[in-house]
1. If you check every pair at least six apart or on different chains, which have Cβ atoms under 6 Å apart with a residue in region 8-30 that is over 18 Å from residue 183 (Cα atoms) and in the same structural domain as residue 184 (by TED's automatic domain parsing) first and a residue that is modelled with pLDDT of 95 or more and surrounded by 15 or more Cβ atoms within 10 Å (Cβ to Cβ) second?
2. Among the residues of region 91-101, are any in contact with a strand residue (DSSP E or B) (Cβ under 7 Å, 6 or more places away or on another chain), assigned to a loop (DSSP other than H, G, I, E, B) and within 24 Å of residue 150 (Cα to Cα)?
3. Filter region 213-238 for residues that are at pLDDT 95 or above and farther than 20 Å from residue 268 by Cβ; which is surrounded by the most Cβ atoms within 10 Å (Cβ to Cβ)?
4. Can you tell me how many residues within region 111-134 are at pLDDT 95 or above, surrounded by 24 or more Cβ atoms within 10 Å (Cβ to Cβ) and either outside any helix (DSSP H, G or I) or touching a strand residue (DSSP E or B) at 6+ places or on another chain (Cβ under 8 Å) (or both)?
5. Would you point out the residue of region 172-184, among those that are in contact (Cβ under 8 Å) with a residue 60 or more places away in the chain and closer than 16 Å to residue 210 by Cα, that is surrounded by the most Cβ atoms within 10 Å (Cβ to Cβ)?
6. Within region 264-285, which residues are crowded, with 18+ Cβ neighbours inside 10 Å and assigned to a loop (DSSP other than H, G, I, E, B)?
7. Could you check residue 195 against (1) in a loop (DSSP other than H, G, I, E, B); (2) in contact (Cβ under 8 Å) with a residue 24 or more places away in the chain and say which number it fails?
8. Name the residues in region 224-237 that are assigned to a loop (DSSP other than H, G, I, E, B) and over 23 Å from the mean Cα position of the chain (by Cα), would you?
């Protein structure tokens, strides 16, 4: 029988759990410290807990850490982990070193129900939602590997977390939000250093706005034309582009946080200057910035990465319209770091 999972419970919940075992509540805070600050993988290794408490706790509870199935390392320091989470299947997470920060990209679902035409995750279909503890486990595991590889000091930690891996976070809303709060409180990652990405699930954007959190909302558009977007994002055709932009305006009014708009550039598909002009018109008056993502090519795909000159031309049209534009630094292309690539390879054999 699978034990219950301690990962995903915050300090307050663990204090109450300790009280349920007739222990003083501070024992629950000790459990939280072992899990979230020391990265302990087994209840029996929590050294300062009374032996009787550990034995009782271990009978029905497990920390809930994942098993590392594969590690892929890139020349730029980026690494991708293929993990078997506590409740089974396989998921991916990525560690990304930068000069002044260390970032982790986490998955929220096994597979994805949206099925974007250019994304490897969608080709494998949807399996299940991840629990909050299985999401935060990814951050802990990335931190472990980064320390082992001396990318972080022994007392170092992941400083930025991006919910932009496998799955649609806002379709797994409760677990995503619980993980966000745990990452903020238990792992001490600043809320402004947490990004939640959505393909444009409009009800989820309105719901997240009510939380009034100071995280960053990233919305993936990939086209300024509804017909083309329906082809590229077949699992999210219910909401038109104007519905998504209206939700983004509402999000900014409620939170005061500028929205990031993600745009994956596909050669000959959505990278023309005409498309850029349409995008500029769509975004007129919205407090946002656009993050351009030249396609990270995957096997068995007809889509291609645009030439640098084409990216610059697209960017120039947006900047001439007064829109702030960034371009994502490509990391991990040599280790199949695009969402779903490593898992698809493992599942297909």
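1. Once the first residue is over 18 Å from residue 183 (Cα atoms) and in the same structural domain as residue 184 (by TED's automatic domain parsing) and sits in region 8-30, no partner that is modelled with pLDDT of 95 or more and surrounded by 15 or more Cβ atoms within 10 Å (Cβ to Cβ) comes close enough.
2. Applying the first criterion (in contact with a strand residue (DSSP E or B) (Cβ under 7 Å, 6 or more places away or on another chain)) to region 91-101 yields 91-96, 101.
Adding the requirement that they be assigned to a loop (DSSP other than H, G, I, E, B) leaves 101.
Applying the additional criterion that residues be within 24 Å of residue 150 (Cα to Cα) yields 101.
Yes, some residue in region 91-101 is in contact with a strand residue (DSSP E or B) (Cβ under 7 Å, 6 or more places away or on another chain), assigned to a loop (DSSP other than H, G, I, E, B) and within 24 Å of residue 150 (Cα to Cα).
3. Filtering region 213-238 for residues that are at pLDDT 95 or above and farther than 20 Å from residue 268 by Cβ, the one surrounded by the most Cβ atoms within 10 Å (Cβ to Cβ) comes out as 217.
4. So the count comes out to 3.
5. To start, the set of residues in region 172-184 that are in contact (Cβ under 8 Å) with a residue 60 or more places away in the chain comprises 172, 175-176, 178-179, 181-182.
Of the ones still in play, those that are also closer than 16 Å to residue 210 by Cα are 176, 178, 181.
Working: 176: 26, 178: 18, 181: 17.
Looking at the filtered set, the residue picked out is 176.
6. 266, 269, 270, 271, 283, listed by residue number.
7. In the conditions (1) in a loop (DSSP other than H, G, I, E, B); (2) in contact (Cβ under 8 Å) with a residue 24 or more places away in the chain, residue 195 misses (1) alone.
8. Matches in region 224-237: 224, 225.
The values are calculated or read from the model by the stated rules, or taken from the named source; none is laboratory data. None of these values were measured; they are calculated from a predicted model. Glycine gets a Cβ as well: all are built from the backbone with ideal geometry, and neighbour counts include every protein chain shown.
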